[in-house]
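Enquirer: One structure is given below, represented as structure tokens, and several questions about it will come after.
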Amino acid sequence: MRISFAAVTLCSLYGNSLAFTRSTFHRPTTVALSATIEEKVAKTRVPVFDEVCDTTGVTLKRFMSEVAMLNPELKELTVLFGGVDTACKALSNLVKRSQLPSSETLGYEGNVNIQGEDQKKLDVIANDVLKRALRFTGRLGVLASEEEDTPVDVMPDNVKRNEIVIDESEKYVAVFDPLDGSSNIDAGCPTGTIIGIYEHDENCVIDEDCIGDECTEQEAACLANTLQPGTNLVAAAYCLYSSSTFFALTLGNGVYMFTLDDQIGEFVLSNPDVKIPESSSIMSFNSANYDDWDQPLKDVVKGWENGTGKSKTAFSSRYIGAMVGDVHRTLLYGGVFGYPSDKKSPNGKLRLLYEGAPMSFIMEQAGGLATTGTQRVMEIMPEIVHQRVPMMMGSKNDIEEIIEAYADWKQ
């Protein structure tokens, strides 16, 4: 039975919780961050889902088809995710075959990306796969990637002419980390892809009669579409390449997790409406950096280790060292994943635009929180594409303990 727009109950989503939406919140001024968030009233309509969206075994294509029928304004977004679906399947196969002697995908490309990191061959391949898949949907105008120095126009004719042309029919902006955890790919450790989708600025217009620097300024303004806070995200997803290939998606109305069935070549819904436990006993940090952390975080982590924290529960440590793998486990089992600031990396290590914001959107949609310790990650306005940010995300009660510790420290 299809549910109408006029009288809709959101297919068992959230119970009494409010959905987090892209223009819902402002920076909280109280310690109780989660309470502040839940008190806000959504200003944009949350997508409507029907009962099919909760039916395990439904394919991602059928799921997105239902979303498009019930939410006509999202039709182009569902087309865009058709390209993401294809790209993740292709990358999953490349990762699986990477260990074979004939694959020639392991090792280094010989180049260094904008962050000064050596590029793996699979980093470059994954970046190209995603760019092509998104380009051929015809719904994407601009993208930003970990492997690109600057935001780029995806249309091939524009690349050939060495200029930027913004097509008004291209509605979305995509940001992504094509292969998170690639430094461990040679050892067969879990890797993943992170994707965030923003709406394209309708006011982004380049004057056909502009000349020289004037054109450059207009092009730069259009490419700055990528520099948006996480609260502007309309969708986010990650694909995890591990024992199975998982695809987790949010359109601003909960988190839905799919698993790739290799026999039929489709992602099937395996975990609808994912909810992270509010409390946990698992933490996921690189403890080797403990001595260089801020004092409030050191105090909280020490309390968790000793069982003297707010929950009076002794925590265990689980750390893969790849964001997608660690966050995936945290979503399912609860806990806290973090890469905080330290003396060596005062701004943290993770990139805000295409790692921090999309994964924070997913975490919040599952009922968790994401913070720098003093600020909600989703509300930070990126100043540059590859901006780094300290980050801790996970179970609501545990993240609140960190936020409270930082608030007391500042006072």
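Each reported figure results from applying straightforward, stated rules to the coordinates on display, with no laboratory input. For clarity, every value in this text was computed on a predicted model and none was experimentally measured. Quick reminder, even Gly has a Cβ in these numbers, built from the backbone with ideal geometry, and neighbours come from all protein chains shown.
Enquirer: What is the Cα centroid distance between region 367-411 and region 265-293, reported in whole angstrom?
Expert: So the separation of the two Cα centres works out to 15 Å.
Enquirer: Beta carbons within 10 angstrom, averaged per residue: use that to sort the peptides 365-374, 91-100, highest first.
Expert: 365-374, 91-100
Enquirer: Further, regarding this structure: How compact is region 359-399 by the rule of thumb for globular proteins, expressed as Cα Rg over 2.2 N^0.38 Å?
Expert: Here the Cα radius of gyration is 1.15 times the empirical estimate.
Enquirer: Still on this structure, I have one more. For I362, I403, I125, what's the fewest-to-most ordering of other Cβ within 10 Å of each Cβ?
Expert: Ordered from fewest to most neighbouring Cβ atoms within 10 Å, I362, I403, I125 come out as I125, I403, I362.
Enquirer: Right, something else. So what is log10(I(q)/I(0)) for region 260-352 at q = 0.14, 0.20 1/Å, when the Debye sum runs over its Cα atoms only?
Expert: Listed by q, the Debye log ratios stand at -0.61, -1.02.
Enquirer: Let me ask something else about it. I need the per residue convex hull volume for region 282-410, using only the alpha carbons, in cubic angstrom as a whole number.
Expert: 99
Enquirer: Also, quick follow-up: Need one number: nm distance between label points at D291 and S316, each 7 Å from Cα along Cα→Cβ, rounded to one decimal.
Expert: 2.8
Enquirer: Within a Cβ distance under 10 Å of V255, other residues only, what is the Lys/Arg minus Asp/Glu net charge?
Expert: That sum, taken over residues with Cβ under 10 Å, equals -1.
Enquirer: Which residues in region 387-404 have a backbone N closer than 15 Å to a point placed 7 Å from the Cα of K298 along the Cα-to-Cβ line?
Expert: What the label zone holds, given the 15 Å backbone N cut-off, is no residue at all.
Enquirer: Sticking with this structure for a sec: Regarding region 254-312, what's the average projected area of the Cα-atom convex hull, expressed in nm²?
Expert: Mean orientational projected area (region 254-312, Cα hull): 6.7 nm².
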